[in-house]
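Q: After the structure tokens below, expect a handful of questions from me.
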Amino acid sequence: MKEYDYLIVGAGLYGATFAYEATKRGKRVLVIDRRDHIAGNIYTRQEDDINVHVYGAHIFHTSDKRIWDYMNQFAEFNNYINSPVAVYGDELYNLPFNMNTFSKMWNIKTPAEAQAKIAEQIADLNITEPKNLEEQALSLVGRDVYEKLIKGYTQKQWGRPCDQLPAFIIKRLPLRFTYDNNYFNDRFQGIPMGGYTQIVEKMLSGCDVVLEQDYFDMVGGVENAPESFEGTLSDGSKVSWKKLIFTGQIDEYYNSCYGYLEYRSVRFETEKLEMENYQGNAVVNYTAANVPYTRIIEHKHFEFGKQPTTIISREYSSEWQPGVEPYYPVNNEKNNAVYQEYASRAASEKGVIFGGRLGQYKYYDMDKVVAAALDAVSVEFS
Ligand code: UDP
């Protein structure tokens, strides 16, 4: 029996950050993952000298200097600034919603004109406290921008009408009355030169890693998941641990005892094209409801690539179901209430910490994942 201090389920950013900090403190750590590679959804794979963001575009951004410095230990970041464009029929607009967007939409020039236009478009709605994404979007940007750039995209991404989605989702995007196409307001932003996988590789360098290993198989079935402190790996070897860090779906861990949590999944159709430059930008959103995909990513532009060929991924959203990858938690009232039941049960357990998007059922950005893992580390080792 090989004895570990920590078993970490999931080799993504949360698990890897915890693993790095624990091994730094002399702890024995085993990390397992169901997939055949490390790095979770930030995994990048090199193809034709291009780093492909296999599970969707990941742009690192943060206002927290501590987190920026932390990440820079593991890779050098370039000066990429995310500035997506949105295609609606034959019209093209800059994102996030800023003076470039408004000027194109309404043929106006000044912030005062843009603000007047928005006010005029929502005057009859009398929204004081936006109750959902639709009301929030309308009150921020008016009817035209909502109809052309938000409504169709959001319904495709979430598979639910905008009035049944929480307002906070749209507040992730900046709204500015300046001519500034930077998608984020954060002080620090960039893409790790050479991709994300190397970061996780370095984080995991001091611990044992077993891939294609399912936690529930290891403990002899999902019904044994809680309170298990030993298990058998697929190669037959036995291991034990004192504490579990679980970054999979919290509802799966508890065998869905309080009901299912809903997730959105994403499917990518990735294609290599024999041309240098397909769309001139890393991210192009297709905001009309009648285009089946939400966006096209052209990976080379994240690193200003000059390769003779290019690789693009069309992104399609769907409802999660067992057997496909869960990506986004659907944080509406119903799911949040179910999650609270799991979270209170989890809080009473001493032997397990739940982390990451799936473990905490939270629409996390990467910097917040790292911060949450570091917070857990400081509690654990205080
Ligand atoms: N959104 C939109 N139109 C766009 C881009 C985003 O309406 O062209 C809305 C949509 O509701 C989406 C949310 O803004 O879910 C957050 O977008 P973000 O780019 O942050 O999503 P992520 O990159 O995490 O998928």
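Every number in this text was worked out from the coordinates using simple rules, so none of it is lab data. Fair warning: this is a prediction, and the values are worked out from it, not measured in the lab. Cβ coordinates were reconstructed from backbone atoms using ideal geometry, including for glycine residues, and neighbour counts include every protein chain displayed.
Q: Which value in nm describes the separation of the simple spin-label points at E212 and A123, placed 7 Å from the Cα toward the beta carbon?
A: Simple spin-label model gives 6.6 nm for this pair.
Q: Turning to a different aspect of this structure: Across all directions of projection, what mean area in square nanometres is found for the Cα convex hull of region 213-307? Display every interim value, and only then the final one.
A: Details: hull surface 43.7 nm².
Computed as one quarter of the Cα hull surface, the answer is 10.9 nm².
Q: Under the 0.36 nm per residue contour assumption, what length would be gained going from the current alpha-carbon distance of E47 and I81 to full extension? Each step should come with its number before you reach the end.
A: On the way: separation 34, 0.36 × 34 = 12.24 nm, distance 2.28 nm.
Extra length available between E47 and I81 comes to 10.0 nm.
Q: Once you list every other residue whose beta carbon is under 11 Å from the beta carbon of G206, what net charge do they have if Lys and Arg are +1 and Asp and Glu are -1?
A: On the way: positive: K24, R25, K27, R28, K202; negative: E21, D208.
Within the 11 Å Cβ shell, the charges total +3.
Q: Run through region 113-150 and list the trypsin sites (Lys or Arg not before Pro) located in a DSSP loop whose Cβ has at most 16 other Cβ atoms within 10 Å. It would help to have the intermediate numbers written out before the result.
A: Details: sites: K117, K131, R143, K148; in loops: K131.
The qualifying sites are K131.
Q: How would T247, T270 line up from fewest to most surrounding beta-carbon atoms within 10 angstrom?
A: Ordered from fewest to most neighbouring Cβ atoms within 10 Å, T247, T270 come out as T270, T247.
Q: On a C-alpha basis, how far is the centre of region 176-250 from the centre of region 26-88 in Å? Whole number, if you could?
A: 13
Q: Give me, ordered by chain and number, the residues 5 or more places off E319 or on other chains with an amide H under 5 Å from its own placed amide H.
A: S265
Q: In addition: Report the one residue of Q155, N100, V239 whose Cα lies farthest in the direction of the positive end of the charge dipole of the chain (charges on C-beta: Lys and Arg +1, Asp and Glu -1; origin at the Cα centre).
A: It is N100, whose Cα lies furthest towards the positive end.
Q: Using 0.36 nm per residue of separation minus the Cα-Cα distance, give me the extension gain between K350 and L233 in nm, one decimal.
A: Details: separation 117, 0.36 × 117 = 42.12 nm, distance 2.36 nm.
So the chain would gain 39.8 nm between K350 and L233.
Q: Next up: Grab the eigenvalues of the alpha-carbon gyration tensor for the chain, scale each by 5, take roots, and send me the semi-axes largest first in whole angstrom.
A: They are 38, 25, 19 Å, listed largest first.
Q: Please compute the modelled spin-label separation between M193 and F168, points set 7 Å along Cα→Cβ, answer in nm with one decimal.
A: Going from the F168 label point to the M193 one covers 3.7 nm.
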